[in-house]
Amino acid sequence: PHLAALVLARGGSKGIPLKNIKLLAGVPLIGWVLRAAIDAGVFHSIWVSTDHDEIEKVAKQFGAQVHRRSPEVSQDSSTSLEAIREFLNHHHEVDIVGNIQATSPCLHPSDLIKVADLIQKEGFDSVFSVVRRHQFRWSEVKKGENKMTEPQNLNPAKRYRRQDWPGELYENGSFYFAKRHLIEKGYLQGGKMAYYEMRAEHSVDIDIDIDWPIAEQRVLSFGYFGKEPLKEVKLLVCSIEGCLTNGRIYVTEDHKEMVSYDYRDIVGIDLLKKRGIQVRLISERDCSKTLSAMQLGCVAKVSATNKLQVLKDWQEDMGLSWKEVAYLGNEESDVECLKQAGMSGVPADACAAAQKAAGYICKSSGGCGAVREFAEHIFLLLEKVNSARKQ
């Protein structure tokens, strides 16, 4: 049976404009679940249903196909079921839909693999995700009613200790898998049903975690970053024009060139060095005089006609694996380096090809704090590496 992953990503959002592609820890929100779906390797096709051009662009960058939904199912009042049924009407080859929520960025491929087995091997018609919670519930008393509240799942005289109570299962909204015949009848849950219990730390819902910085910390701690385990970064290679500088060259009347840079980026480089991370610079131009004036104390390669070869030479000379190399670039000439490095980033104003190849997109533009921001991102991921070692 054809199992399709389907992420619903409408352009409209009452809370956060274009929330589905807003950067979360340097990755568009929808990118986290698409990465997990692709690496799971269980889907015959992976789709994003959207009504917005920018969301379509991001979806394709992450390797998904796009279904352009109609205005009729793109309203604030439209339901997920309506959008899924419309998708099925246009894709008769699909037998099972795995509806994955874009707002669940801590989803892991291992969860999706197990759910696919429940549907395809164990014969369930629908499977949905839940999380276990240890919360005591009380009946609601509406304002003006002269009534007492009543306990719903506890005896107040004998309150459970957490370790003595298994808790209760709640839908966490991360995904809903269902066979076509159920959806066509108007159900996402029905027939032979099963739940799939996700780990509590993976049950992050951006619709609930509105505080974006908190959500970013959760994702950095518990998100899925790829098939290979993270390693400690030991080398950062940074493109000069468009990353360390804003790419502009100022020419004086006596034909001297000047560039501007952000002091925050210099601080970022110093912080990286203090953490034992080498920083090297690369440029297609001969900007040796500029580098000398900046006094950064970094190894640099200027007039580099083949950036990837320079990067490979440095990696081999230092005896590093690619997972230990980070690269910050912004132009098409950086694309192959971004793809090769274990950790890659681009400033907010990088070209489209570089953004597509990068694992992290800075909020800052080139020459305006992007190096410092990428350094902070490296530090956060190093914390994740160190935490994994301790475990």
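Sort out which residues of the range 1-21 are touching a residue at least 40 places away in the same chain (Cβ under 8 Å) and under 12 Å from the mean Cα position of the chain (by Cα), and write them in order of number. Answer for the range 1-21, where residues must be touching a residue at least 40 places away in the same chain (Cβ under 8 Å) and under 12 Å from the mean Cα position of the chain (by Cα): just 20. Listed conditions (1) open to solvent by 40 Å² or more (accessible area, probe 1.4 Å); (2) part of a strand (DSSP E or B) are all met by residue 236, apart from (1).
Of all residues in the range 72-113, those that are in a loop (DSSP other than H, G, I, E, B) and either among the small types (Gly, Ala, Ser) or open to solvent by 80 Å² or more (accessible area, probe 1.4 Å) (or both) total 9. For the range 377-389, indicate whether the set of residues that are closer than 21 Å to residue 60 by Cβ and either in contact with a Phe, Trp or Tyr (Cβ under 6 Å, 6 or more places away or on another chain) or in a strand (DSSP E or B) (or both) is non-empty. Checked the range 377-389: no residue is closer than 21 Å to residue 60 by Cβ and either in contact with a Phe, Trp or Tyr (Cβ under 6 Å, 6 or more places away or on another chain) or in a strand (DSSP E or B) (or both). Scan the range 311-332 for residues that are assigned to a helix (DSSP H, G or I) and touching a residue at least 60 places away in the same chain (Cβ under 8 Å) and the total you get is 5. Of the residues making up the range 123-167, those that are part of a loop (DSSP other than H, G, I, E, B), in contact with a strand residue (DSSP E or B) (Cβ under 8 Å, 6 or more places away or on another chain) and under 27 Å from residue 97 (Cα atoms) are 124, 125. For the condition of a type in the set (A, V, I, L, M) and either touching a strand residue (DSSP E or B) at 6+ places or on another chain (Cβ under 6 Å) or not in a loop (DSSP other than H, G, I, E, B) (or both), what is the one hit in 296, 272? Criteria check complete, one pass: 272.
Residues that are touching a residue at least 24 places away in the same chain (Cβ under 8 Å), touching a strand residue (DSSP E or B) at 6+ places or on another chain (Cβ under 8 Å) and assigned to a helix (DSSP H, G or I) within the range 334-364 comprise 334, 337, 340, 354, 355, listed in sequence order.
Among the residues of the range 53-71, is any part of a strand (DSSP E or B), under 22 Å from residue 204 (Cα atoms) and open to solvent by 10 Å² or more (accessible area, probe 1.4 Å)? Within the range 53-71, not a single residue is part of a strand (DSSP E or B), under 22 Å from residue 204 (Cα atoms) and open to solvent by 10 Å² or more (accessible area, probe 1.4 Å). Annotation: of all residues in the range 168-197 being surrounded by 14 or more Cβ atoms within 10 Å (Cβ to Cβ), of a type in the set (A, V, I, L, M, F, W, C) and in a strand (DSSP E or B), the one that is nearest to the chain's Cα centre (by Cα) is 175.
The rows are residues; the columns are (1) more than 19 Å from the chain's Cα centre (by Cα); (2) open to solvent by less than 20 Å² (accessible area, probe 1.4 Å).
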residue	(1), (2)
319	yes, no
323	no, no
328	no, yes
349	no, no
352	no, no
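Screening residue 63 on (1) of a type outside the set (Phe, Trp, Tyr); (2) without any contact (Cβ under 8 Å) to a residue 40 or more places away in the chain; (3) within 20 Å of residue 170 (Cβ to Cβ) shows it passes everything except condition (3). Pairs linking a residue in the range 264-282 that is of a type in the set (Gly, Ala, Ser) to a residue that is assigned to a loop (DSSP other than H, G, I, E, B) and open to solvent by 60 Å² or more (accessible area, probe 1.4 Å), with Cβ atoms under 8 Å and 6 or more positions apart or on different chains, are 276/234. Within the range 246-266, the set of residues being loosely packed, with under 11 Cβ neighbours inside 10 Å and part of a loop (DSSP other than H, G, I, E, B) comprises 252, 253, 254, 255, 256. Screening 192, 227 for residues that are closer than 28 Å to residue 384 by Cβ and in contact with an Asp or Glu (Cβ under 9 Å, 6 or more places away or on another chain) leaves exactly one candidate, 227. Of the candidates 307, 289, the single residue that is open to solvent by 80 Å² or more (accessible area, probe 1.4 Å) and touching a strand residue (DSSP E or B) at 6+ places or on another chain (Cβ under 9 Å) is 289.
Taking (1) at pLDDT 95 or above; (2) of a type outside the set (Lys, Arg); (3) exposed (fewer than 14 other Cβ atoms within 10 Å of the Cβ) in turn, residue 123 satisfies each apart from (1).
The values are calculated or read from the model by the stated rules, or taken from the named source; none is laboratory data. None of these values were measured; they are calculated from a predicted model. As a convention, Cβ positions derive from the backbone with ideal geometry for all residues, glycine included, and neighbour counts pool all protein chains shown. The area values use the complete protein model at the heavy-atom level, side chains included, leaving out ligands, DNA and RNA. Shrake-Rupley method; radii C 1.70, N 1.55, O 1.52, S 1.80 Å.
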